[in-house]
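*Asks:* Handing you a structure now.
No lab work stands behind these numbers, since they all come straight from the coordinates. Since we're looking at a predicted model, the values are computed, not measured. No Cβ is skipped: glycine too gets one built from the backbone with ideal geometry, and neighbour counts run over all protein chains shown.
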Amino acid sequence: MSLATAAEYALMLTTAGSPPPTAPPGAEALSPRERELITLVAQGHTDAQIAGQLFISVRTVSSHLDRIRDKTGCRRRADLTRLALRAGLV
């Protein structure tokens, strides 16, 4: 077996058993309230402003955002903004 054939065979074996990479979940995995929160984040609101607008505590906003980050894999507010833009929420 030639070196090129062996390399191609090894590559085929390593990718055959692994599942195809999946994209992180998008806005479709979020509840309507979570979508509302990422929309407000994308509009540049602070946690305190979001809390005041939605009549909830800042701690509740923080908890919602943590849950959204866990669901979507977004770690920064900029990532959440990008997600909102891709989903057409802004």
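*Asks:* When the chain is fully extended, how far beyond the present Cα-Cα distance does ARG75 get from LEU3, taking 0.36 nm per residue of separation?
*Replies:* 21.6 nm
*Asks:* VAL90: net charge of surrounding residues, Cβ under 15 Å, Lys/Arg +1, Asp/Glu -1, itself excluded? The partial results should precede the final answer.
*Replies:* Values: positive: ARG35, ARG77, ARG82, ARG86; negative: GLU34, GLU36, ASP79.
That works out to +1.
*Asks:* Calculated FRET efficiency, GLU28 and ALA48, Cβ-Cβ r, R0 25 Å, to nearest 0.05?
*Replies:* FRET efficiency, GLU28 to ALA48: 0.30.
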